[in-house]
Amino acid sequence: MGKTHIADHETLERVAIALESMGASTVPIFNEETGRYTNASIAAWLAKMRDGKNYGVSVPKGSATACTKTGANAGIANPKPGIIGRAAIDPYVNHGAFTFFEVNGGVDADGTPYVTAIDGDGRFSRTDDTWIMTPVLYTLETETDDAVNITVSDTRQPGMKRQPAALLPNGAQRPYMLYAKYALSVDAEGKPRSVSGAQVKRFVSHDTGVSLMKTATTGDSFKTAADDWYVKVMFLLKYATKNSQSVFSGCTGYDVQISPTVAESNTTRVVVAKEKADQILIGSSMILGTHTGTSNDRGNGYNYDVFDAVTVIKKVDVDTSNTAIYFDVAKPFTTATTYLLSTVPWMAGACGAVEGDGSPTSCTDSKQPFVIQGIELGLGMYEVLGNVLIQYTGTGTVVYVNPDTKNEKAGSSPGSALSAGAFPGQAAEGWNYALYCKTVNGLMIQQGTGASTSVGICDGNYKVADTTVGWREWLSLGRLWNGGVAGLWCVYGDLGTGYAWWNFGSRRSANGRSRGEAA
């Protein structure tokens with residue numbers, strides 16, 4: 001047995017006020033030999049924080065967007081999201097089912113999560129793989145003619161089942177859940193990461209995830225339905241609305257492309273018209289290309305061959321008509337008035353200074369990512385789900401969820417995948433708006449049609465015609481210019497499983513290997 005010691009009580013006090021009244025035995029135990037906290041001690045630590053309360057929300061099936069908080073959730077005020085310099089006001093902090101911690105760690109090949117550091121213990125760093133750790137939740141979802149009623153607790157009550165992906169493939173319950181805090185990036189060797197300050201990996205697809213993540217040997221996968229479920233259910237419980245963009249718009253209206261007004265050499269700035277510079281946010285990411293081709297599409301190499309996805313660090317007026325935008329680049333570059341400067345998805349960790357739920361300077365200006373329950377989302381790109389695909393059968397659609405991504409393959413879902421029902425929408429191709437949502441085989445999926453950007457779910461689903469035959473990937477959240485069709489429930493279901501482009505990303509998942517929706 002490896003040498004162990006108990007993590008320092010005082011350093012963990014910030015992340016668990018409850019420890020003040022507990023003995024040292026309740027603190028997670030760190031094993032010096034393995035470099036990990038023992039999973040049993042973390043599970044016991046989280047168990048001591050349970051409040052056993054049932055937090056509920058009733059989601060109306062009709063066009064109304066407002067939901068009703070029920071059970072222990074009734075009477076709890078909605079949080080007030082924060083911005084940098086003004087922390088969120090969140091009455092859910094440290095409340096049972098809403099408890100979470102930032103940790104470093106990962107997942108073993110069999111799907112078992114592990115933790116190597118906890119924020120506050122002296123080992124933790126957001127430049128190492130960073131996750132949000134939560135207790136395993138239990139849920140009861142019932143349906144009436146008028147509503148879907150969701151109840152969540154940190155303690156199993158009669159009729160409740162475990163949350164999606166709570167069971168490992170061998171049937172054992174996870175000691176806790178891990179969710180990637182940041183969008184996917186890769187290190188110099190191409191290894192997938194969840195770290196702050198990194199350029200997000202773009203040009204990915206469902207099939208990219210199969211080859212990149214190598215779940216069978218790593219336990220790692222692309223974002224899964226279980227990761228998606230956690231964010232959605234937390235949002236519904238805390239904010240009690242089906243209109244996610246009314247609280248967090250995400251980066252969905254930040255499509256800016258500019259030509260320099262002044263040519264310069266050996267510079268770290270680009271001089272542009274002042275009215276264009278005023279549209280650019282400090283902290284956001286941009287690309288600069290020589291623009292030698294005819295297309296403005298950011299996916300063409302000549303539109304990012306000077307620099308790719310670097311951060312805006314300041315803006316300085318040059319004169320009354322021009323402003324210089326300065327960039328965090330490793331070496332100087334040359335500009336010409338024929339070049340093209342464009343916005344692209346934000347860097348991972350853009351919300352690092354936001355305290356609680358919120359965005360850097362505005363949650364609803366449609367230009368910025370946001371954080372909910374410690375998870376950073378809405379960077380201006382679609383996020384590919386690695387274990388969800390849509391099959392167009394020629395007469396309709398079927399959405400499939402694969403419980404164990406060890407079996408995931410390119411081109412289609414494996415035989416182990418479970419049906420989550422039809423992809424909602426009209427028979428013809430186009431954007432559609434669902435009325436409500438419910439969880440089917442671990443996927444919180446939209447239901448019904450006939451809503452809009454202001455009623456029902458408010459987030460769009462794009463589907464091709466029912467007469468289509470083939471498989472399509474599940475692209476969630478929305479991209480730079482999706483506007484009102486974007487949001488937590490947005491899905492773009494038009495593209496094949498191997499289609500990748502500059503505004504497609506994903507994130508790591510520690511929950512790809514599971515036995516399926518737990519009973």
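The values are calculated or read from the model by the stated rules, or taken from the named source; none is laboratory data. Predicted model, so just to flag it, every value in this text is computed and none were measured. Cβ coordinates were reconstructed from backbone atoms using ideal geometry, including for glycine residues, and neighbour counts include every protein chain displayed. Keep in mind that these areas ignore ligands, DNA and RNA; they rest on the heavy atoms of the full protein, side chains included. Shrake-Rupley method; radii C 1.70, N 1.55, O 1.52, S 1.80 Å.
Quick notes on this one:
- The set of residues in region 276-330 being crowded, with 19+ Cβ neighbours inside 10 Å and touching a His at 6+ places or on another chain (Cβ under 7 Å) consists of 303 alone.
- Filter pass, residue 213 being open to solvent by less than 10 Å² (accessible area, probe 1.4 Å) and either modelled with pLDDT under 95 or touching a strand residue (DSSP E or B) at 6+ places or on another chain (Cβ under 6 Å) (or both): yes
- Annotation note: of 100, 124, the sole residue that is open to solvent by 50 Å² or more (accessible area, probe 1.4 Å) and under 23 Å from the mean Cα position of the chain (by Cα) is 100.
- Taking every residue in region 408-430 that is more than 12 Å from residue 396 (Cα to Cα) and among the acidic types (Asp, Glu) and pairing it with any residue that is part of a loop (DSSP other than H, G, I, E, B) and modelled with pLDDT of 95 or more, at least 6 positions away or on another chain, the pairs with Cβ-Cβ distances below 8 Å are 408/402; 408/414; 408/512.
- Of all residues in region 265-275, those satisfying the criterion of being open to solvent by 40 Å² or more (accessible area, probe 1.4 Å) and either touching a helix residue (DSSP H, G or I) at 6+ places or on another chain (Cβ under 6 Å) or in contact (Cβ under 8 Å) with a residue 40 or more places away in the chain (or both) are 265, 266, 268, 269, 274.
- The listed residue being farther than 21 Å from residue 403 by Cβ, open to solvent by 40 Å² or more (accessible area, probe 1.4 Å) and either without any contact (Cβ under 8 Å) to a residue 40 or more places away in the chain or assigned to a loop (DSSP other than H, G, I, E, B) (or both), out of 195, 262: 262
Let's see how each residue does on (1) under 18 Å from residue 235 (Cα atoms); (2) aliphatic (A, V, I, L, M); (3) not in a loop (DSSP other than H, G, I, E, B):
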| position | (1), (2), (3) |
| --- | --- |
| 45 | no, no, yes |
| 56 | yes, no, yes |
| 63 | no, no, no |
| 69 | yes, no, yes |
| 78 | yes, no, no |
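- When residue 179 is tested against (1) touching a residue at least 12 places away in the same chain (Cβ under 8 Å); (2) open to solvent by 10 Å² or more (accessible area, probe 1.4 Å); (3) over 24 Å from residue 362 (Cα atoms), just one condition goes unmet, and that condition is (2).
- Count - residues of region 459-488 that are of a type in the set (A, V, I, L, M) and closer than 17 Å to residue 448 by Cα: 4
- Selection from region 244-257 of residues that are over 20 Å from residue 89 (Cα atoms) and either surrounded by fewer than 21 Cβ atoms within 10 Å (Cβ to Cβ) or charged (D, E, K, R) (or both): 253, 255, 256, 257
- Strands (runs of 3 or more DSSP E) wholly inside region 333-421 containing at least 1 residues that are open to solvent by 30 Å² or more (accessible area, probe 1.4 Å): 382-393, 397-401
- Those residues of region 115-137 which are more than 13 Å from residue 180 (Cα to Cα) and aromatic (Phe, Trp, Tyr), in sequence order: 124
- Any hit, region 308-319, residues being assigned to a strand (DSSP E or B), among the polar types (S, T, N, Q) and under 25 Å from residue 372 (Cα atoms): yes
- Test: residue in region 239-248 that is of a type in the set (Val, Ile, Thr), under 30 Å from residue 75 (Cβ atoms), part of a loop (DSSP other than H, G, I, E, B) and touching a residue at least 60 places away in the same chain (Cβ under 8 Å): yes
- With respect to the conditions (1) of a type in the set (A, V, I, L, M); (2) in a strand (DSSP E or B); (3) under 30 Å from residue 177 (Cβ atoms), residue 288 falls short on a single one, namely (3).
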